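In what follows, a structure is listed as structure tokens, so that the remarks can point back to it.
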Amino acid sequence: MSDQFKGSYNSGSVKLTRRFSQGISLTTNYTYAKSIDNASGTRTQGLDTLFPQDSSCLPCERGLSSFDVRHRWVLGTVYDLPIGRGKALAINNAVGNAFVGGWQLSANSTIQSGVPQTLTIGINNAGTNNPLPDRPSASGIGTGYLSTPTPTSQGLRWYDPASFIVSPQGTFGNVGRNTMITPHLQSIDMALSKRFTMPYGEGHVVQFRVEAFNVFNHPTWGAPNGNILAGASFAGAPSNAAHQGFGIISTTALPMRQIQLGIKYIF
């Protein structure tokens, strides 16, 4: 057991709830947060590694927590459609009102920052007993990110290969833990639902619901390849330069549009 692992979390949030007279209700929440530690768990956490690069320097591991999300904004809305008895589009027929009236449309939108990622070189370059690969060093070129993500034959390139190199043999890389941030997350989900009150018993209700996740089919990119020696080397590049597979995004963090139907019986 050890008490050398430390962390801190600070945040502030603002929440607004409002119900309008036209059957519209809105709830929105924004959170700004920052979490720092020198280990985010006892096992591999997110895009962080399990062991410190240099076990004799745990303070060197101080950085953003693997679960750090700097900005997060959520908006939830509910709209009682103005169709049915007593509504703007009145339906006085009992049967028609039972099927067409009383529908509710809801939507949830989430936008948040990406999460931290620790870069590696894919090998134990320092020659220590650490079973996990070491980190790269900064080349002094650029910020680590491309000004504009670049499409390639392998996927979308997010990080700049020119910004990182392999440190000399027998030394540790100087790029810290969890220094890079993956793409942000953005998703909008919608649902259409109606409750049917059963005539044979008080409190017996059938709820029908249609849900669409990521309704606009917006791609939310997954984490880039954090190994700077992934893939083949660039033609004519020095031996310590990053390879072509580094920084490539080949997955998505969220599935593309999904639609599901559901029926719930409440009694």
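Every number here is computed from the coordinates shown, using simple stated rules; none is lab data. Note that this is a predicted model, so its numbers are computed, not measured. As a convention, Cβ positions derive from the backbone with ideal geometry for all residues, glycine included, and neighbour counts pool all protein chains shown.
Overview of values
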{"item": "Of LEU146, LEU254, LEU16, the one that fluctuates the most in a GNM where the chain has Cα springs shorter than 10 Å", "result": "LEU16"}
{"item": "Residues ARG18, ARG135 arranged by fewest to most Cβ contacts within 10 Å", "result": "ARG18, ARG135"}
{"item": "Full-extension gain in nm, PHE20 to ILE123, via 0.36 nm per residue minus C-alpha separation", "result": "31.2 nm"}
{"item": "For THR152, THR182, THR110, order by how many other beta-carbon atoms lie within 10 Å, fewest first", "result": "THR152, THR110, THR182"}
{"item": "Simple label model, 7 Å out from Cα along Cβ direction - ARG62 to VAL210, nm", "result": "5.5"}
{"item": "Per-bin percent of Cα-Cα distances, the chain [5 Å]", "result": "1, 5, 9, 12, 13, 12, 10, 8, 7, 6, 5, 5, 3, 2, 1, 0, 0"}
{"item": "Residue (of ASN178, PRO116, GLN22) at the positive-pole extreme of the chain, dipole from beta-carbon charges", "result": "GLN22"}
{"item": "R0 of 51 Å, Cβ-Cβ distance THR197-PHE5: FRET efficiency to nearest 0.05", "result": "0.40"}
{"item": "The range 9-266, dipole about Cα centre (Lys/Arg Cβ +1, Asp/Glu Cβ -1), debye to the nearest 20", "result": "960"}
{"item": "Nearest-0.05 FRET efficiency for LEU105 and ALA237, computed from C-beta distance (R0 45 Å)", "result": "0.25"}
{"item": "Peptide ranges 157-166, 55-64, 6-15 listed from the most packed, as the mean C-beta count within 10 angstrom indicates", "result": "157-166, 55-64, 6-15"}
{"item": "Gaussian network model of the chain, Cα within-10 Å springs - most flexible of HIS204, HIS243, HIS184", "result": "HIS204"}
{"item": "Part-to-part distance (alpha-carbon centres) for the range 21-40 and the range 120-184, which is given in Å", "result": "31"}
{"item": "CD proxy at 222 nm, helix term only [per DSSP H run n ≥ 4: -39500 (n - 2.57); per residue of the chain; nearest 500]", "result": "-500 deg cm²/dmol"}
{"item": "Furthest towards positive pole of dipole, THR251, SER193, PHE99, structure part the chain, Cβ charges", "result": "PHE99"}
{"item": "Extension reserve of the THR179-ILE36 stretch, reckoned as 0.36 nm per residue once the Cα distance is removed", "result": "50.3 nm"}
{"item": "Contour minus Cα-Cα distance for ILE259 and SER147 (0.36 nm per residue)", "result": "36.8 nm"}
{"item": "Selected from LEU81, PHE213, PHE51, residue furthest toward positive end of dipole (the range 9-266; charges at beta carbon)", "result": "LEU81"}
